[in-house]
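Below is one structure, written out as structure tokens; comments come after it.
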Amino acid sequence: ATVLRARGVVKSYGPTPALRGIDLDLAEREILALTGPSGSGKSTLLHCLAGILRPDAGEITYGELALGGCSEAERSRLRRTEFGVLFQFGQLVEELTAAENAALPLLLTGRGRKEARTAALEWLDRLGAADVADVRPPRMSGGQQQLCAAARALVTAPRVLFADEPTGALDQLTGEKLLGHLVRAAREQGTSVLLVTHSPGIAAYADRELSLYDGETDATGLGAGQRIGVP
Ligand code: ADP
Ligand code: ADP
């Protein structure tokens with residue numbers, strides 16, 4: 001079944017459209033890599049799909065729910081409860097430990113401290129970061145910080161995880177290790193993932209790849225072909 005559907009999504013910041021009519025279907029449990037050159041519209045599309053940006057035209061539906069018909073408050077509730085977001089830099093709270101950071105989304109939705117801490121510790125463990133549970137971000141490596149941010153994004157058991165260059169600030173090996181943990185954890189709990197990346201090594205973790213070029217989906221597949229060196 002389709003979890004998230006986009007039809008004819010158009011978005012401009014100025015005179016030139018950043019998205020020129022995007023169609024996309026994200027299936028239940030699917031891990032979809034959104035690739036393409038810098039400036040092709042990947043982040044803009046992710047922000048529209050996650051209900052952060054409103055498209056100028058077109059329709060985005062989450063299950064039966066049309067995001068266009070939702071108020072800001074409804075979209076913000078969706079992001080807290082149904083969606084998870086993970087960006088290039090984890091944006092952790094520096095004064096809190098990894099476990100406290102990862103527990104935050106549950107505390108914000110009214111869950112008790114004990115339950116939130118238990119779930120946070122479980123997720124840190126599942127992602128291979130149990131050893132930094134009581135460490136604060138300034139004393140963690142970049143990779144550990146992103147694992148903690150991933151635990152925070154997944155702790156609410158979201159239906160969809162939006163990940164925008166989640167490994168962009170990490171070296172290749174650390175990035176692939178993070179993706180390995182992330183993909184396995186998402187599959188285990190049935191979370192769909194929309195993964196924005198420009199790295200072929202990272203895109204290889206996805207079930208499917210959708211390539212953007214200049215605000216359009218690359219129907220020729222040329223982008224992907226060039227990427228892996230096919231003439
Ligand atoms: P990508 O994620 O593929 O690098 P973006 O979605 O960030 O692409 O950008 C798509 C196009 O929209 C680019 O031309 C970019 O300069 C432009 N753009 C993105 N965000 C803004 C913004 N906030 N204001 C103006 N132009 C923007
Ligand atoms: P990405 O790494 O996804 O390509 P960028 O580095 O292009 O993102 O953009 C970083 C931030 O700057 C984003 O919030 C984006 O919306 C904004 N931005 C990108 N291009 C422009 C632009 N031409 N004018 C204003 N803001 C922009």
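Write down the Kirkwood hydrodynamic radius of the chain, to one decimal in angstroms, obtained as one divided by the mean of 1/r over all alpha carbon pairs. Intermediate values should be presented prior to the final figure.
On the way: mean 1/r = 0.0555 Å⁻¹.
For the chain, inverting the mean 1/r across all distinct Cα pairs yields 18.0 Å.
Between amide H atoms placed 1.01 Å from N, distances below 5 Å from residue 36 occur with 212, all of them 5 or more places distant or on a separate chain. Here the convex hull built on the C-alpha positions of the stretch 10-77 has a volume of 101 cubic angstrom per residue. For the pair residue 139 and residue 198, label points projected 7 Å from Cα toward Cβ lie 3.6 nm apart.
Given 20 °C and 1.002 mPa s, compute D for the stretch 1-47 with the Stokes-Einstein relation, Rh being the Kirkwood radius over Cα pairs; round to the nearest whole µm²/s. Present the calculation step by step, with values, prior to reporting the outcome.
Details: Rh = 11.6 Å.
Taking Rh from Cα pairs, D becomes 184 µm²/s.
How big is the dipole moment of the stretch 53-174 about its Cα centre under a simple scheme where the beta carbon of each Lys and Arg is +1, that of each Asp and Glu is -1, and everything else is neutral? Debye, nearest 20, please. Please list the in-between numbers first.
On the way: 14 positive and 17 negative charges, 80 e Å.
Here the size comes out at about 380 debye.
Starting from 0.36 nm per residue, how many nanometres of slack lie between residue 96 and residue 184 once their C-alpha separation is accounted for?
On the way: separation 88, 0.36 × 88 = 31.68 nm, distance 2.65 nm.
Length difference between fully extended and current span is 29.0 nm.
State to the nearest 20 debye the size of the charge dipole of the stretch 20-68 about its Cα centre, where the only charges are +1 on K and R beta carbons and -1 on D and E beta carbons. Spell out each step's value before the answer.
Details: 4 positive and 7 negative charges, 57 e Å.
That gives the stretch 20-68 a dipole magnitude of about 280 debye.
The simple Förster model, with R0 at 30 Å and r as the Cβ-Cβ distance, assigns residue 173 and residue 130 a FRET efficiency of 0.90.
From the square roots a ≥ b ≥ c of the eigenvalues of the alpha-carbon gyration tensor of the stretch 58-175, which class results: rounded (a/c under 1.5), prolate (a/b over b/c), or oblate? It comes out oblate by the Cα gyration axes.
So if each residue of separation counts as 0.36 nm, and I subtract the Cα-Cα distance between residue 208 and residue 38, what length gain in nm does that give? Please list the in-between numbers first.
Working: separation 170, 0.36 × 170 = 61.20 nm, distance 1.97 nm.
Residue separation times 0.36 nm, minus the Cα-Cα distance, leaves 59.2 nm.
Using the Cβ-Cβ distance between residue 66 and residue 28 with R0 = 25 Å, the FRET efficiency computed as 1/(1 + (r/R0)^6) comes to roughly 0.85.
Please give me, ordered by residue number, the chymotrypsin sites (Phe, Trp or Tyr not before Pro) of the stretch 77-158 that lie in loop per DSSP and have at most 16 other Cβ atoms within 10 Å. Write down the numbers at each step before the final one.
Working: sites: 83, 87, 89, 123; in loops: 87, 89.
Within the stretch 77-158, the qualifying chymotrypsin sites (Phe, Trp or Tyr not before Pro) (loop, at most 16 other Cβ atoms within 10 Å) are 89.
Out of all DSSP beta bridges with both ends in the chain, state the antiparallel percent to the nearest 5.
Working: 17 of 34 bridges.
In the chain, DSSP labels about 50 percent of beta bridges as antiparallel.
Between 201, 128, 168, the residue with the greatest mean-square fluctuation in the GNM of the chain (Cα pairs under 10 Å linked by springs) is 201. About its Cα centre, the dipole of the stretch 1-125 is roughly 200 debye, where the only charges are +1 on Lys and Arg Cβ and -1 on Asp and Glu Cβ. When only Cα pairs below 8 angstrom with a gap of at least 6 residues are kept, the stretch 83-231 shows a relative contact order of 25 percent. With the simple spin-label model, which puts each label point 7 Å out from Cα in the Cβ direction, the residue 59 to residue 13 separation comes to 2.9 nm. Expressed as a whole number of Å, what is the distance separating the alpha-carbon centroids of the stretch 180-222 and the stretch 68-105? Here the two parts' Cα centres lie 21 Å apart. Note on residue 80 and residue 2: their simple-model spin labels are 3.0 nm apart, each label 7 Å out from Cα toward Cβ. Under 20 Å of direct C-alpha separation, and excluding same-chain neighbours fewer than eight residues apart, residue 11 reaches these lysines: 42.
Computed over the chain with a Gaussian network model linking Cα atoms closer than 10 Å, the most mobile of 118, 156, 35 is 118.
We did not get these values from a lab; they are worked out from the coordinates using the rules stated. Just so it is clear, the structure is predicted and the values come from calculations on it, not from any experiment. Note: ideal-geometry Cβ built from the backbone for every residue, glycine included; neighbour counts use all protein chains shown.
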